[in-house]
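Chemist: Quick one: this structure, given as C-alpha cells, is what I'll be asking you about.
Values quoted throughout were computed directly from the atomic coordinates according to the rules given, and no laboratory measurement underlies them. Note that the structure is predicted; figures quoted are calculated from it, not measured. Using ideal geometry, Cβ is built from the backbone for each residue, glycine included, and neighbour counts are taken over all protein chains shown.
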C-alpha cells in the first residue's frame, strides 16, 4: 500500500482562501468596466447604424437595403475604417487576421483607434462581431490600470480577468468564460487546483454578465419550435449536419490565408479596406440584407420563420455569409468571427430542414452552429455551449455532445482561422 501511494503523482497544493480573497475586488471592478465598455460601443454602433441604414436612406429616398445603398454604405465603411487605420495613432492595432480571443496587451495609445474602427465596422455592415477587438481593448485597459493601482499583482492576472469579463458580458453568463478558461488552462502549466486558477476570472465574468443582464437583458434563445425527446433520426441528423458544417467551415479556413494575401498585396489600408467594402457590398446584394452585420439579430429573423425561405435561399445565405466573413476578416476590418459563424451554422441547419422536413429546426440549427464554430474558433467547449444556448432544450445537449465528436475529428490538427505575422496559418 505504501509503495502504491508513493507511485501516485502528488496533488497540486490548494490555495488558501486568504490568498484568493484580495482578488475579488479587482475582479469585480474589471468585470463591470469591461461590460460597460462593450455595452457603450455596442449602443453607439447601433445608434449610428439606425442613422446610416434608416434615417439617411429614408431622407434621400433610397431603399434601405437596395443594391445601390449596400454598395455605397459598405464602400464608405471601408473608407472610414481605412482612414482610422491609416491616420489615427496606433493604426487600430495589429492585423486582425493575426488576433484571436487570446488578445495581446496593446499600448494604451492604440485603444481609442481600435474602439473607433470597431464601432464604425459594427454600424457599417461588414460580417464581423465585436468580440476580438473589445477583448483587446479591455485587456489593454485592465493591464494599464491594474499595474498602476495594484502594482504587486501578477501581470498575467489582468488579461485573464479582462478576457473572462468580456466573454461573460458577450454571452450574458459566466459559464462561457469558465469553459473557455478551462480549455485555455489545459494547455498551460499552472499551479494549484483548477478552481483556484479560475476563481478571480469567474468573479470577473460573473460581474460582467450580471452588469449586462441588468442593463440590457440579452438572450440567445432563438425561440425555435419546441424539441422533445431525441430519436435515432435526430441523432443521425445532428451527426451529418455537424460534420458537413465543420467541413464547410474548414473550407473557409483553408481559403482564408489566400484571400488575406490578396488584400495584403494592396498594401495600403485606404486601398484594401474600400476594396473589401465593395466586395462585401456585392456579396450583400447577392445574399440579401440578412447577410450583413454581425449576424445575431439576423439569426433571430431566420429562426422566427424556419419555413419562410426555400432550401436554395438558405443555402445562398449560408455561402454568402461565410464568404463575407472571410473577406471582412482578411481585408482589415476590426472584428471577431464568432457571431457571423453562428449565422452561417444556423442558415446551414435551416437548409437541411428545408431539404428534409423531418430534420427538426432546433437540431439543424444547433448542429450547424456547432460544426461551423468548431472549425472557425477551434474552441470545443465554447462551440458546444453556444450551440446549446440557442435552443432552450436540455435534451439537445446529449445530441450535440455526440455530434461534436466526428466534427472535431475533421478539424483537429488542421490550420486555424488565425494567421501569423508572415501570413501563414496558426495550427
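Chemist: What ranking do 212-220, 247-255 get when scored by the average of other Cβ atoms within 10 Å per residue, highest first?
Modeler: Highest to lowest by the protection proxy: 247-255, 212-220.
Chemist: Using the per-residue mean of other Cβ atoms lying within 10 Å as a proxy for protection, in what order, highest first, do the peptides 198-210, 291-303 fall?
Modeler: With the highest mean Cβ count within 10 Å placed first, the list reads 198-210, 291-303.
Chemist: What number in nm² do you get for region 23-216 if you take the convex hull of its Cα atoms and divide its surface by four?
Modeler: Result: a mean projected hull area of 11.9 nm².
Chemist: Quick check: residue separation of residue 301 and residue 109 times 0.36 nm, minus the Cα distance between them. What number comes out in nm?
Modeler: Contour length minus Cα-Cα distance gives 65.2 nm.
Chemist: Can you list the equivalent-ellipsoid semi-axes of region 232-411, largest first and in whole Å, using the square root of 5 times each Cα gyration tensor eigenvalue?
Modeler: Semi-axis lengths for region 232-411 are 28, 18, 12 Å.
Chemist: Over all directions, average the projected area of the Cα convex hull of region 246-329 and note it in nm².
Modeler: 5.9 nm²
Chemist: Tell me, what is the Rg over Rh of the chain, with Rh the Kirkwood radius over Cα pairs?
Modeler: Using only Cα positions, Rg/Rh for the chain is 0.98.
Chemist: Grab every C-alpha pair in region 337-418, bin the distances at 10 angstrom width from 0 up to the longest one, and report whole percents.
Modeler: Using 10 Å bins, I get a P(r) of 21, 54, 23, 2 for region 337-418.
Chemist: Distance between Cα centroids, region 276-300 to region 158-181: provide it in whole Å.
Modeler: Their Cα centres are 28 Å away from one another.
Chemist: Mind ranking 333-344, 406-417 by how tightly packed they are, going by the mean number of other C-beta atoms within 10 angstrom, highest first?
Modeler: With the highest mean Cβ count within 10 Å placed first, the list reads 333-344, 406-417.
Chemist: Something else now. Taking the alpha-carbon centroid of each part, what is the distance from region 20-58 to region 371-408 in angstrom?
Modeler: Comparing the Cα centres of region 20-58 and region 371-408, I get a distance of 27 Å.
Chemist: Hey, another quick one. Just check region 39-91 against the gyration tensor rule for me: Cα atoms, a ≥ b ≥ c as the square roots of the eigenvalues, rounded for a/c under 1.5, and otherwise prolate or oblate depending on whether a/b exceeds b/c.
Modeler: Oblate, because a/c is 1.5 or more while a/b does not exceed b/c.
Chemist: Still on this structure, please answer the following. Compute the length gained on full extension between residue 286 and residue 152: take 0.36 nm times their separation in residues and subtract their Cα-Cα distance, giving the result in nm to one decimal.
Modeler: Gain on extension, residue 286 to residue 152, equals 42.7 nm.
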